[in-house]
1. Against the 2.2 N^0.38 Å scaling, with N counting residues, where does the stretch 1-78 land? I'd like the Cα-based Rg ratio to two decimal places.
2. Along Cα→Cβ, 7 Å out, is where each label goes; now give me the distance between the ones at residue 2 and residue 26 in nm to one decimal.
3. In nm, to one decimal, how far is the modelled label at residue 97 from the one at residue 122, with both set 7 Å along Cα→Cβ?
4. Report, in degrees rounded to the nearest 10, the 0 to 90 angle that the Cα long axis of helix 132-151 makes with the longest principal axis of the chain.
5. Using alpha carbons only, how many degrees (0 to 90, rounded to 10) separate the axis of helix 99-123 from the longest principal axis of the chain?
6. What is the helix-to-structure angle for 2-29, meaning the angle in degrees between its Cα long axis and the longest Cα principal axis of the chain, kept from 0 to 90 and rounded to the nearest 10?
7. Expressed in nm², what is the orientationally averaged projection area of the convex hull enclosing the Cα positions of the stretch 2-151?
């Protein structure tokens, strides 16, 4: 039963960050964001929801695997930092409407994800592998963010 609660908490944390970021995204995605010039490789809007849902789920499972393998304060701290930066990006990009600050922040997010994955790898290799799609998507998002900065 204890493992089930760890799983529920681990999966809930990324979705909590998603909810916080979503509060800022929802008010701008259909108004301000549609007015921005975007590169030709900008994905359709409908794709973001399913991709982020899968990424948040993988992040939660990753945290869970680390938690049940070895309780480690550093792993939780790193995970928390990258999760905070994840939500902060939405606040900067959609809430404050500052793509350049969001771009600078997404670079920090990318580094935080990489550091988390490297640290997780030492505890549970599968947990690190589960963060690879997240790192790849954030890499793409950084390029997209930078392109929006250039075009606007």
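Any read-out appearing in this document is the output of simple, stated calculations on the displayed coordinates, not a laboratory observation. Just so we're clear, the structure is a prediction, and the values are computed from it rather than from any experiment. Every residue, glycine as well, gets a Cβ built from its backbone with ideal geometry; the counts of neighbours run over all protein chains shown.
1. Working: Rg = 16.3 Å, N = 78, 2.2 N^0.38 = 11.5 Å.
After normalising by residue count via 2.2 N^0.38 Å, the value is 1.42.
2. Modelled inter-label distance: 3.7 nm.
3. 4.4
4. 20
5. Taking the Cα atoms of the chain, the angle to 99-123 is about 20 degrees.
6. For helix 2-29, the angle is close to 10 degrees.
7. Working: hull surface 33.1 nm².
Quarter of the Cα hull surface area: 8.3 nm².
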